[in-house]
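Below is one structure, written out as structure tokens; comments come after it.
The values are calculated or read from the model by the stated rules, or taken from the named source; none is laboratory data. Quantities reported herein were computed from a predicted structural model and do not represent experimental measurements. Cβ atoms come from the backbone with ideal geometry, glycine included; neighbour counts cover every protein chain shown. Surface accessibility is based on the protein's heavy atoms, side chains included, excluding ligands, DNA and RNA. Shrake-Rupley method; radii C 1.70, N 1.55, O 1.52, S 1.80 Å.
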Amino acid sequence: MKIFEGEKGVGMSETEAREYLTQSRSVLVLGTTNSDGSPVIHPVWYYFDSTNTKLYFYTEPALKKTINIRERPQVYFDVDHDKWPYMGVKGKGKARIIDDIDEALSRGAKILARYVKEGTPLSRLVLDQIKAGRYVVVEITPAYFTSWNYGKLDPKGDKGLRDAHLVRESAQ
């Protein structure tokens, strides 16, 4: 897998990109392609396995994203946030639906642990849905990452970049 810096001077190192994907609570925006070639984006909760460099999410088997993945497994993804300092990781990869229920349950539990407390009704519901085959877990194997962290332009916050952004935002 390749790691590209992205915009010169503001890209993350591989270690920083992996840490960002591991710690971020943002959603992953998944890009798939319809049969007519048109793009579709889908926000999903995700889990990043930094040891194996894989991303995971769960979804329903009959939804457009699942159908698109079955027919055209090449996907794009983006995990970022819209607050200063703007940063994120995006890339392209190949998706596959995990057939093994035990693996799907294990990955599903890790996805849920990032967004909801263990043992909550939602957590139990999703895991029951995976067990019953009403949800599937999808694995993305990235071909590359590219990243950005605009905080690198103003690490101390003394150059006015954040303030200029906040002034612009409040004027709108």
Region 88-140, residues that are open to solvent by less than 20 Å² (accessible area, probe 1.4 Å), farther than 18 Å from residue 63 by Cα and in a strand (DSSP E or B): 88, 89, 91, 93
Residue check, residue 62 among the small types (Gly, Ala, Ser) and free of Cβ contacts under 8 Å to residues at least 24 places away in the same chain: yes
Subset of region 7-34 that is under 14 Å from residue 57 (Cα atoms) and part of a loop (DSSP other than H, G, I, E, B) - its residue that is least open to solvent (accessible area, probe 1.4 Å): 26
